[in-house]
Amino acid sequence: MEQARAFAGEWARATGQATRRTFRKRLYRLGTLRRPALPPGRPRSAGEGDRATLERWHDGFAADVGATVGLGAGAWVDAGLARGGIRLWEDGGRPVAMAVATQPVAGSVRVTTVYTPPALRGRGYAGAVTADLSARVTAGGEQAVLFTDLTNPTSNGLYRRLGYEPLAEFEEYTFEEGRAEAAAP
């Protein structure tokens with residue numbers, strides 16, 4: 001993170017642009033999976049019949065993390081369903097949480113877009129679906145990795161309890177026209 005901070009400061013001085021840190025991330029890799037106590041329900045793969053829910057959850061996730069997700073909700077669902085990468089936890093026959101796996105790259109699959117709607121949080125659904133997806137990734141011979149927002153103690157605590165081990169930390173900066181400022185600590 002010191003390198004990113006130093007670069008941002010130097011860029012601001014060289015260009016006169018304002019510098020603002022926008023995100024702090026931690027990269028984790030799954031060590032030994034520790035399965036949580038399971039809540040009611042079961043895991044399953046998402047299907048076409050889940051499209052409306054997945055699109056809402058895509059937008060809910062983006063709003064929660066305060067970021068723009070690269071694809072629009074429809075295209076994101078299309079891609080996830082096509083690769084079979086969206087896992088759901090369902091309770092009482094309805095989806096209550098999701099976790100998504102990316103395509104493998106260099107022996108690693110990124111677990112991403114772990115989401116539970118606000119009214120259903122705190123029941124163990126996110127941990128259960130993440131553990132299920134992580135087990136599937138590693139059973140296929142890939143490493144499971146994921147990024148978290150360093151300012152979110154809930155997700156960082158959950159992933160560590162599941163057996164994810166921290167690898168590295170990153171910061172993202174934006175540069176804008178205006179008075180140059182020192183990089184945020």
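Numerical summary
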item	result
Positive minus negative residues near P39 (Lys, Arg vs Asp, Glu; Cβ under 9 Å)	0
Cα shape, the range 33-102, gyration tensor, a/c 1.5 rule	prolate
Chain lengthening between R83 and E2 when straightened (0.36 nm per residue, less Cα-Cα)	25.5 nm
Computed FRET value (nearest 0.05) for E176 with D59, which takes r as the C-beta separation and R₀ as 30 Å	0.70
Prolate/oblate/rounded label for the range 41-184 (Cα gyration tensor, a/c 1.5)	prolate
Amide H within-cut-off set for G163, under 5 Å, with H built and near neighbours excluded	R34
Per-pair calculated FRET efficiency, R0 = 41 Å: R161 and A18 via Cβ, rounded to 0.05	0.60
Other-chain or far-sequence residues with amide H under 5 Å of V114's (modelled H)	V100
Most mobile listed residue (T154, T174, T53) in the chain, GNM with C-alpha springs under 10 Å	T174
Prolate/oblate/rounded label for the range 66-144 (Cα gyration tensor, a/c 1.5)	oblate
Cα-based helix-to-principal-axis angle, 73-83 vs the chain, degrees rounded to 10	60 degrees
Helix axis angle, 51-65 relative to the chain longest principal axis, alpha carbon, degrees	30 degrees
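Only the coordinates and a few stated rules stand behind these numbers; no lab work does. Small disclaimer: the values here were computed from a predicted structure and weren't measured. Cβ coordinates were reconstructed from backbone atoms using ideal geometry, including for glycine residues, and neighbour counts include every protein chain displayed.
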